[in-house]
Each structure stands twice: as C-alpha cells, then as structure tokens.
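Worksheet: one structure, shown below.
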Amino acid sequence: MENTTEHIKCLIIGSGPAGYTAAIYAARANMQPVMYQGLQPGGQLTITNDVENFPGYPKGVMGPEMMEDLKAQAERFGTDIRYGLATSVDFSGHPHRVTIDEKTTLTADTVIIATGASAKWLGIESEARLNGSGVSACAVCDGFFYRGKDVAIVGAGDTAAEEATYLSNLCNKVYMLVRKGEMRASKIMQKRVLDNPKIEVLFNTTTDEILGQHAVEGVRVKNILTHETREIAIEGFFVAIGHEPNSAIFREYLHHDEQGYIKTLPGTSKTNVDGVFACGDVQDFVYRQAVTAAGTGCMAALDAERYLAALGVH
C-alpha cells in the first residue's frame, strides 16, 4: 500500500557531480534539499580511479574520494542525503509525486533529476574485472594516462570515431575494433579515422577477451568472417558503444530524444514540466564530463530557487 510520509521543498534524484552540486547550491539557498542517491551513490566516478581534469585538484584525485568530498560539502550545508531509488513518478499535477523503492511516495515542490547515464559494455568477464585498471568508457577522461602507449577502442559510430581520433593525439597506436564491415559514423568522421596513420581499423572484428590479470596487457580479437583470433599488445581498452540515460521512469511526462536523453530548454535546466529540472548526463549526450555535470547541477538549483520564489514558497 502506498505510504505518503512527507512533503519536500526540493527533491534531488540521483547523486554524482550534478546531484551533489545541485544539493550544495540548494542547501545554501535554504531550499532544504533531500537527495536520494540511487543505485550507484556518487555516480560513474565511483568506478574511476584517477581524476586529473576536475578543477581544484592539482595532483589529481581518486574518483570515489572526490565524490565523498562533494557529498561532505553538500551535507555541511544541510542536505538530507538518503539511500534509496526512485522507482516511479507522477508529474501530472502539483505538487509532484515520486515513489521511492516502490513503497514510499513523497510530494515535492521542485524535483531536480540527476540520474546520469550508464555506459554500455560488452558484457565479458575481463572487461568488468579490469574496469578502472586499463578498461574505460571515456577516452576524454582517461586518455591522458596512455600517452605514448598502444590502445584499442571498440565502436563504430561518431563517438567512437571522435574518441579514436582524440586518442591518436596522445597514444602511439590506436586499434579500432569494428564488428561489421563498415562503420556507422558519418562520412567525414570515417575519413578522418581512415586517413589517420596512427589508427588501424579492424573490420569484422569482435573482442574475445581482454588480457591481463591486474591491468590490461593486451586483447584477443576474433575475425567473424574467418573465425581467426589474434592477440594484440595494448595497455588501454576503451569501450565506445554508447550510453543509456537513466531516464526511463520520467519518459511518460518529460520530453526526451530518441535515445532517451531528457530535453531541457536551451541555456537552462528546465524541462517541459514546471518545477522539474534535469542536469548532468541524463540530459547531456555531448560532453559527459564531471565538470560540465557540476555546472548544470548549479544551473538546476538556481532555476529551482527562482521557480520557488515565483511561487512564493519560502
């Protein structure tokens, strides 16, 4: 049976750089934010070892440590951070209704969605085991660690082509593993990849196994036409087969693109529903960086504060 227990002025769904930044700003604005962290408290950075491109950490920082810092800062200003997963919503009226763990329904004047996006993986054991030890789903985040080294990247679309090109500026050699006999990327991106002497595209190729016990040492690939396998010595393995925005429970009410990313009014965090705001990777399919997520978290809190002020909610 549904159990409505409390009304919240500002409810933040999801954590990570976007959610925690929104919480910091909302708490400082006396919006008494309540955050439900979701399935992965701290978001994707909790499975990232070294973060060297976030401002304020001149020596770099471990991803989980950075998320703990952001969490502590949000709590310092009074954010009520709770474990729990938003399992359904009703944005058809005001106040908004959000159900947590399929049993507790809250009402909220404003809702900030910061549920992020999950990288799509190949699903092999070695990929999961070596995640963070040479396996990555973000070349822009982690490519720096492989300067002058040989790496491989899996994917065939524009993102994979862009990341392969990015890696070629840092790495000695980039092997691009494409499952089919052609790439899905736009013609101009295909040309950039194929004309790049540091990128070797292996068509009709799948990943059989990532090699290495404690760190990536190579990859065994298989040609799907000849069924032949070969081992390639690499130190970094990048997966670029797409991301899945964590937006399913909101799609009945919020406008989204064909991939499921929540649409926001350009230059704002506003969705098509008054009082509901989206920030971070759940609405950003272009940049997907911690610093840009944090920036949109700030925007969401400020937009929510102005919305409450216009309503006369104090």
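Suppose each label sits 7 Å from its Cα in the direction of the beta carbon; what would the D158-Y83 distance come out to in nanometres?
4.1 nm
222 nm [θ] for the chain, helices only, -39500 (n - 2.57) per DSSP H run of 4+, per residue, to 500?
Dividing the helical sum by the residues of the chain leaves -7500 deg cm²/dmol.
Based on the Cα atoms of the chain, what semi-axes does the equivalent ellipsoid have, where each is the square root of 5 times one gyration tensor eigenvalue, given in whole Å with the largest first?
Working: eigenvalues 313, 77, 61 Å².
So the three semi-axes of the chain are 40, 20, 17 Å.
Find how much the distance from E200 to R230 grows on full extension, using 0.36 nm per residue of separation minus their present alpha carbon separation; answer in nm with one decimal.
Taking E200 through R230 to full extension adds about 9.3 nm, to one decimal.
For T165, what charge total do you get from the other residues with a beta carbon under 15 Å from its beta carbon, if Lys and Arg give +1 and Asp and Glu give -1?
Net charge in that neighbourhood comes out at 0.
Rounded to the nearest 20 Debye, what is the dipole magnitude of the stretch 1-122 about its Cα centre when Lys and Arg each give +1 and Asp and Glu each give -1 at the C-beta?
Computed charge dipole of the stretch 1-122: roughly 160 debye.
Provide the percentage of antiparallel DSSP beta bridges, counting only those with both residues in the chain; round to the nearest 5.
So the antiparallel bridges amount to about 45 percent of the total.
Which value, in debye to the nearest 20, gives the size of the charge dipole of the stretch 166-312 about its Cα centre, when Lys and Arg are +1 and Asp and Glu are -1 at the Cβ? Walk me through the intermediate numbers first.
Details: 16 positive and 18 negative charges, 96 e Å.
Value, rounded to 20: 460 debye.
Pop out the ³J(HN,Hα) list for the stretch 237-246 in order, Karplus 6.51 cos²θ - 1.76 cosθ + 1.60 with θ = phi - 60°, rounded to Hz; leave Gly and Pro as x.
Whole-Hz 3J(HN,Hα) from phi for the stretch 237-246: 10, 10, 10, 10, 10, x, 10, 10, x, 7.
Which value, in debye to the nearest 20, gives the size of the charge dipole of the chain about its Cα centre, when Lys and Arg are +1 and Asp and Glu are -1 at the Cβ?
520 debye
Just the number please: accessible area per residue for the stretch 111-209, 1.4 Å probe, all protein chains included, in Å².
45 Å²
Let me check the size of the stretch 1-155 from its C-alpha atoms; what are the radius of gyration and Dmax in Å?
Values for the stretch 1-155 (Cα only, Rg and Dmax): 18.1, 59 Å.
Which aspartates and glutamates does K187 reach when only Cα atoms under 19 Å apart count, and residues fewer than 8 places away in its own chain are ignored?
Answer for K187, where 19 Å is the Cα cut-off: D158, E162, E163, D195, E200, listed by chain and number.
With a 1.4 Å probe and all protein chains left in place, how much of the accessible area of the stretch 194-277 comes from carbon and sulfur atoms, in whole percent?
Carbon and sulfur atoms account for 47 percent of the accessible area of the stretch 194-277.
Pull the list of the chain cysteines that no other Cys approaches to under 4.7 Å, Cβ to Cβ.
Among the cysteines of the chain, those whose Cβ sits 4.7 Å or more from every other are C10, C171, C279, C298.
With a ≥ b ≥ c the root eigenvalues of the C-alpha gyration tensor of the stretch 4-90, is it rounded (a/c under 1.5), prolate (a/b larger than b/c) or oblate?
Working: a/c = 2.92, a/b = 1.63, b/c = 1.79.
Cα axes put the stretch 4-90 in the oblate bin.
Quickly work out the E244-to-H94 label distance, labels modelled 7 Å from Cα along the C-beta direction, and quote it in nm with one decimal.
With each label point 7 Å from Cα toward Cβ, the separation is 3.5 nm.
Over the stretch 254-314, with the other protein chains present, what is the accessible area per residue in square angstrom, probe 1.4 angstrom? Let's see the in-between values first.
Values: 2980 Å² over 61 residues.
On a per-residue basis, 49 Å².
Say R0 is 45 Å: what FRET efficiency, to the nearest 0.05, do E125 and E65 get from their beta-carbon distance?
It comes out at approximately 0.95.
Local charge sum around G134 (other residues, Cβ-Cβ under 13 Å, Lys/Arg +1, Asp/Glu -1)?
Once all neighbours under 13 Å are counted, the net charge is -4.
Return the aspartates and glutamates within reach of K103: Cα separation strictly under 12 angstrom, same-chain partners fewer than 8 residues apart disregarded; answer none if there are no such residues.
The reachable aspartates and glutamates, counting only those whose Cα sits under 12 Å from K103, are E2.
Work out the FRET efficiency for F144 and K263 from their Cβ-Cβ distance, taking R0 = 30 Å, and round it to the nearest 0.05.
My answer for the efficiency is 0.40.
The values are calculated or read from the model by the stated rules, or taken from the named source; none is laboratory data. None of these values were measured; they are calculated from a predicted model. Positions of Cβ are generated from backbone atoms using ideal geometry, with glycine treated the same way; all protein chains shown enter the neighbour counts. Side chains included, ligands, DNA and RNA excluded: accessible areas come from the protein's heavy atoms. Shrake-Rupley method; radii C 1.70, N 1.55, O 1.52, S 1.80 Å.
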